[in-house]
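**Student:** I'd like to ask some things about the structure below.
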Amino acid sequence: MDIPFRENLLRLLRTALSFIAFGALAGSALGLVVWEVKATGNIVEGGVVETVQFCLLVLAAASYFLLARRRPGLSRAFALAGLAIVAMAFRELDGLLDERLFHGAWKLFDGAVAVVFLAVALRGFRRTVAQAAEFVGTFHFALLAAGIVLAVVVAQILGFKGLWHAVFDLEPWRTLRDALHDSAEMDVPRHVKNLVEEALELSSYALVLASAVAPPLAGSKVGRDGAPSKP
């Protein structure tokens, strides 16, 4: 058994363990959704699920900032990734910030993060571009991009009220409403919408955290070895 084969086998085993760990993390997180729904009948503002979502984002941002300190060659790219996650964390605190400050206060905090983001990106712009180009070819970025798309696009689409109005306006639901002698327009069951949206967000934030703590071995460039391996 030659050394390259051993290294490749270890890489595959470690990557497999990483996916198993992420599956356990996502599964445990989604178990909280079931628990909160059973306990409160809904996903409540500031409840356990939203608190865990915020904690996952904080851990992910802190992990990326730590990576920025430990890997100078990608420090700017990792720092920018951390700042993007900080902005997501402030957005997740919208309910609390609305209550303690004013409605839409999270936008003010995200605006401040955006200013810092631009300052980091534009200072030594060529170096930033070079690091960003290298970063997008890593396993870290692949997981991070998947998590962000799931949170920002998929979860938001499935959290759209119009979608659920269309679902619950189907014939079986209209028949049930008539059987209950409810002539009023059937509103979207918010607990169903919240369950789907929050569960997807929780999964996506777990994926974002996984991208930050992925083993260094999995951080090599995707497809770097373009030529097929010799037997």
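The values are calculated or read from the model by the stated rules, or taken from the named source; none is laboratory data. From a predicted model like this one, the values you see are computed outputs, not experimental measurements. Neighbour counts are summed over all protein chains in view; Cβ atoms, including those assigned to glycine, are modelled from backbone coordinates with ideal geometry.
Okay, residues lined up against (1) touching a Leu at 6+ places or on another chain (Cβ under 7 Å); (2) among the aromatic types (Phe, Trp, Tyr):
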| residue | (1), (2) |
| --- | --- |
| 54 | yes, yes |
| 60 | yes, no |
| 83 | no, no |
| 88 | yes, no |
| 92 | yes, no |
| 122 | no, no |
| 128 | no, no |
| 136 | no, no |
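**Student:** Mind telling me which of the residues 218, 132, 227, 121 ends up being among the small types (Gly, Ala, Ser), modelled with pLDDT under 85 and in contact with a helix residue (DSSP H, G or I) (Cβ under 8 Å, 6 or more places away or on another chain)?
**Tutor:** 218 is the lone residue from the list that is among the small types (Gly, Ala, Ser), modelled with pLDDT under 85 and in contact with a helix residue (DSSP H, G or I) (Cβ under 8 Å, 6 or more places away or on another chain).
**Student:** A further question on this structure: Regarding residue 108, is this residue farther than 18 Å from residue 205 by Cβ and free of Cβ contacts under 8 Å to residues at least 12 places away in the same chain?
**Tutor:** Considered against the rule, which asks whether it is farther than 18 Å from residue 205 by Cβ and free of Cβ contacts under 8 Å to residues at least 12 places away in the same chain, residue 108 comes out as yes.
**Student:** Right, residue 133: under 18 Å from residue 58 (Cα atoms) and either buried (at least 16 other Cβ atoms within 10 Å of the Cβ) or not polar (S, T, N, Q) (or both) or not?
**Tutor:** Spelling it out, it is not the case that residue 133 is under 18 Å from residue 58 (Cα atoms) and either buried (at least 16 other Cβ atoms within 10 Å of the Cβ) or not polar (S, T, N, Q) (or both).
**Student:** Across the range 128-175, which residue is nearest to the chain's Cα centre (by Cα) among those that are farther than 13 Å from residue 78 by Cα and among the charged types (D, E, K, R)?
**Tutor:** Per the stated criteria, the residue is 161.
**Student:** Of everything in the range 54-110, what is acidic (Asp, Glu) and within 30 Å of residue 127 (Cβ to Cβ)? Give them in sequence order.
**Tutor:** 110, the sole residue that qualifies.
**Student:** Further question on the same structure: Among (1) surrounded by fewer than 12 Cβ atoms within 10 Å (Cβ to Cβ); (2) within 17 Å of the chain's Cα centre (by Cα), there is one condition residue 13 misses while meeting the rest; what is its number?
**Tutor:** (2)
**Student:** Contact list please: Cβ distance under 7 Å, first residue in the range 195-206 and among the polar types (S, T, N, Q), second residue surrounded by 23 or more Cβ atoms within 10 Å (Cβ to Cβ), pairs at least six apart or on different chains.
**Tutor:** If the second residue must be surrounded by 23 or more Cβ atoms within 10 Å (Cβ to Cβ), the pairs left are 204/147; 204/151.
**Student:** Now for a different question. Within the range 39-91, restricting attention to residues that are under 22 Å from residue 26 (Cα atoms) and among the hydroxyl-bearing types (Ser, Thr, Tyr), which residue is surrounded by the most Cβ atoms within 10 Å (Cβ to Cβ)?
**Tutor:** 64
**Student:** Within the range 165-186, can one find any residue that is at pLDDT 90 or above, out of contact with any helix residue (DSSP H, G or I) (no Cβ under 8 Å at 6 or more places or on another chain) and surrounded by 14 or more Cβ atoms within 10 Å (Cβ to Cβ)?
**Tutor:** No, the range 165-186 contains no residue that is at pLDDT 90 or above, out of contact with any helix residue (DSSP H, G or I) (no Cβ under 8 Å at 6 or more places or on another chain) and surrounded by 14 or more Cβ atoms within 10 Å (Cβ to Cβ).
**Student:** Six or more apart or on different chains, Cβ atoms under 7 Å: show the pairs whose first residue is in the range 135-157 and on the phi > 0 side of the Ramachandran plot and whose second is surrounded by 19 or more Cβ atoms within 10 Å (Cβ to Cβ).
**Tutor:** Taking only residues 6 or more apart or on different chains, not a single pair turns up.
**Student:** How about the range 1-108: which helices (runs of 4 or more DSSP H) wholly inside it have at least 2 residues that are among the polar types (S, T, N, Q)?
**Tutor:** The helices (runs of 4 or more DSSP H) meeting that bar are 3-40, 48-70.
**Student:** Applying the selection to the range 109-124, what residues are exposed (fewer than 11 other Cβ atoms within 10 Å of the Cβ) and not in a helix (DSSP H, G or I)?
**Tutor:** 123
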